[in-house]
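Enquirer: Quick one: the structure is below, and I'll ask about it shortly.
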Amino acid sequence: MMDAVDLVVAYLEQIGVEFVFGVPGGAIEPLYNALARSARRGGPRPVVARHETGAAFMADGYARETGRIGVCCATSGPGATNLITGVACAYENEIPLLVISGQPSLHLQGRGALQESSGAGIDTVAMFRSCTRYSALVSHPEQMERQLVSALLSAYQPTPGPVHLSIPVDVQRSQMKNGLAYDLAHLLRPPSPVDYAAVQALSAQLAQARKVVVLIGSGCGEAISLIIGLVERIGAVFVVTPDAKGFISPRHPLYGGVFGFAGHPSATAAMNDEQVDLILVVGSALGEWTSNGWDESLLNDRLVHIDSCDAHLLRSPMARLHVRGHIRSVFEGLLAGLRADGSNAVSAVGEKRRFRKASADDPFKSASRGAPIKPQYLMRELGWRSPPDTRFLVDAGNSVTWAIHDLGMHDHRPSAGGWMRVTMNFAPMGWAIGGAVGTALANRAVPVVCITGDGSLLMNGQEMSVALAEKLTVVFVILNDGALGMVKHGQRMAGAEQIGFELPAVDFRLLAESMGIPGHVIRTAEDFDNLDLDAILRRSGPTVLDVRIDGEEVPPMGLRLKILGTEQ
């Protein structure tokens, strides 16, 4: 016989999960007992976050790096509700998570038990139902295995996302027959059906097209080499969404830049070129940031939308063609059906160079020595001076605008999961701090850089201490301008009242050192040039860079003002 929670942990081990991120409490104690037993034999182990939201962000970062489901847990009541922001973020960004919350014993429910959230008062199962693919209360031990399997399958089909199980503490302790009834590793293999009739129709349209633009989205990771192969064969121009920036070399002769929020004029020029008669959108949900605010140059009858997710295809009813299916399989079919000569590639390369020249937005140093470092210069140098396999996680706010626009890129990006990771749609401040911890735990072989702001750090900076406890190589780069920067600049650009954006002056080096984390204050470009970044990225353990950026530099956030209706 085994405890019901030992069954849960055994299934996690079966599908390769190494960590469960969370904060312990009375109503989830049996799960932590099971994790302690598991850790002693080298199985999944707990990682204790400082706040449940941080635990969900860590599970998100782990899932993005590994391709496996991220797991987070919390006790009942406020522990569960604290998870919701991170779970909602994963839901909107289609990140598979298993979320486990505790409940008081069944016989106590409805009697005012401490932190009860079973539905007699606060109903956390109902709360999670709006931001998960599956949310259920396990009310009997006999339900445990079936509910767990149903939840895990729902985390991947039909659209990836978080799932939630609420388990009363007495159900967690219940005895069950030892052994697993299902081979989840087999059941979770992604299906790869492809609409081959649509692939053939697209092949015919590509053969007739005069000029093609390909917009690469975040869902293209495992197919990126095939997509670039097709682009080169047909001589197309390709651009990327903000969350797909790191999939390709910035020096590829057919690359046109980032299209969407904080993107590049060259990408917009490529989309607006009247000679383009076919636009392929691949692996993108076409939300506000990835569609350049639903730009009419994209969303018209020149569009062909290629995606494995029906929910994404619902965003493009105006498209001339939808190609449903596993993206890698779709491009294998397209390449197999193409002519071998690639006769129109040379002229397209010439056009591409014109686009590149139009987008030369080189970062720059300050006008004089000793002046505050400009965020453009910081982004470019930080990217160039970090190893090619560095993972960058970028927080909401000014951080994401500067990183999308200016973060320097190497020619080679080996990670199918992306080199720069951001949150689209639901974009909570502080996500990158926890996400960086989860990423570093998932892959200790690469350095991880978290780019965040002083506002985000003041919300979630306590999670840096988890990186210290786990001896993770994470560099926390804090853009410190004493303000909620997007609020400040948005108010100025819109002519609104200047209110509510100021933050206190904080020395984040001292905050880091109080946790036992080494820190550096960077005030000027010269300070950054003199920093031994190579040594910092090699050391075991986190480092904080408190970068006092020039707060008067205006971030490239015009699209956001346009959508809000405050553009002047």
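Derivation of every value follows stated rules applied to the coordinates shown; laboratory data play no part. What you see is a predicted model, and the numbers here were worked out from it, not measured in a lab. Using ideal geometry, Cβ is built from the backbone for each residue, glycine included, and neighbour counts are taken over all protein chains shown.
Enquirer: Residue 124: net charge of surrounding residues, Cβ under 15 Å, Lys/Arg +1, Asp/Glu -1, itself excluded?
Expert: Here the count lands on -2.
Enquirer: Could you rank the peptides 140-150, 446-456 by their average count of other C-beta atoms within 10 Å per residue, with the highest value first?
Expert: 446-456, 140-150
Enquirer: Quick check on packing: order 49-62, 467-480, 269-282 by the mean number of other C-beta atoms within 10 Å, highest mean leading.
Expert: 49-62, 467-480, 269-282
Enquirer: Run the dipole for region 2-187 about the Cα centre, Lys and Arg Cβ at +1, Asp and Glu Cβ at -1, nothing else charged, and hand back the magnitude in debye, nearest 20.
Expert: For region 2-187, the charge dipole is close to 220 debye.
Enquirer: Let me ask something else about it. For a quick protection proxy, order the peptides 323-335, 486-498 by their average other-Cβ count within 10 Å, most packed first.
Expert: Details: 323-335: 20.7, 486-498: 15.3.
Descending mean neighbour count gives 323-335, 486-498.
Enquirer: Taking 7 Å along the Cα-to-C-beta vector as the label spot, tell me the residue 526-residue 469 distance in nanometres, rounded to one decimal.
Expert: My value for the distance between the label points is 4.2 nm.
Enquirer: Report the calculated FRET efficiency for residue 252 and residue 120 (r = Cβ-Cβ distance, R0 = 60 Å), to the nearest 0.05.
Expert: The formula returns an efficiency of 0.50 here.
Enquirer: Using Cα atoms only, what is the angle between the long axis of helix 144-154 and the major principal axis of the chain, expressed in degrees (0 to 90) to the nearest 10?
Expert: It works out to around 10 degrees.
Enquirer: How far, in degrees from 0 to 90, does helix 327-337 lean away from the longest principal axis of the Cα atoms of the chain, to the nearest 10?
Expert: Tilt relative to the chain: about 40 degrees.
Enquirer: Okay, moving on. If I model a spin label at residue 142 and residue 29 as a point 7 Å from the Cα along the Cα→Cβ vector, what separation in nanometres do I get?
Expert: 2.9 nm
Enquirer: Here is a further query. Please report the spacing between the Cα centers of region 245-287 and region 523-568 in Å, no decimals.
Expert: About 24 Å separates the Cα centre of region 245-287 from the one of region 523-568.
Enquirer: Follow-up question, since we're still on this one. Please give the Cα centre distance for region 130-189 versus region 9-25, rounded to the nearest Å.
Expert: 13 Å
Enquirer: What distance in nm separates the simple spin-label points at residue 510 and residue 554, each placed 7 Å from Cα in the Cβ direction?
Expert: Taking the simple label geometry, residue 510 and residue 554 are separated by 3.5 nm.
Enquirer: Rank these for me by crowding, 543, 81, going from fewest to most other beta carbons within 10 Å.
Expert: Least crowded to most crowded, the residues run 81, 543.
Enquirer: Using R₀ = 35 Å, calculate the FRET efficiency as 1/(1 + (r/R₀)^6) where r is the Cβ-Cβ separation of residue 204 and residue 411; round to 0.05. Don't skip to the answer; put the middle values down first.
Expert: On the way: r = 34 Å, r/R0 = 0.98.
Using R0 = 35 Å, I get an efficiency of 0.50.
Enquirer: Here is a further query. Run the count for the chain, please: Lys pairs, Cα-Cα under 19 angstrom, 8 or more apart or on different chains.
Expert: For the chain, qualifying lysine pairs total 6.
Enquirer: Once R0 is set to 60 Å, what does the formula 1/(1 + (r/R0)^6) return for the Cβ-Cβ distance between residue 129 and residue 368, expressed as a FRET efficiency to the nearest 0.05?
Expert: 0.60
Enquirer: Of 388, 489, 98, whose Cα points farthest to the positive end of the dipole of the chain (charges on the beta-carbon: +1 Lys, Arg; -1 Asp, Glu; origin at the Cα centre)?
Expert: Result: 388, furthest along the dipole toward the positive end.
Enquirer: Apply the a/c threshold of 1.5 to the C-alpha gyration tensor of region 185-243 and tell me whether it is rounded, prolate or oblate. Write down the numbers at each step before the final one.
Expert: Values: a/c = 2.72, a/b = 1.42, b/c = 1.91.
Oblate, because a/c is 1.5 or more while a/b does not exceed b/c.
Enquirer: Select one label from (i) 35, 31, 25; (ii) 39, 31, 21; (iii) 52, 33, 24: the one whose number is semi-axes √(5λ) of the Cα gyration tensor in Å as derived from the coordinates shown.
Expert: (ii)
Enquirer: Moving on to the next point. As a check on your grasp of the helix formula, calculate [θ] at 222 nm for the chain: sum -39500 (n - 2.57) over DSSP H runs of n ≥ 4, divide by the residue count, round to the nearest 500.
Expert: -11000 deg cm²/dmol
Enquirer: Sketch the reach of a paramagnetic label on residue 311 as a point 7 Å from Cα along Cα-to-Cβ, and name the residues of region 78-98 whose backbone nitrogen lies under 19 Å away.
Expert: 84-98
Enquirer: Compute the acute angle (0 to 90°) between the alpha-carbon long axis of helix 78-92 and the principal axis of greatest extent of the alpha-carbon atoms of the chain; round to the nearest 10°.
Expert: 30 degrees
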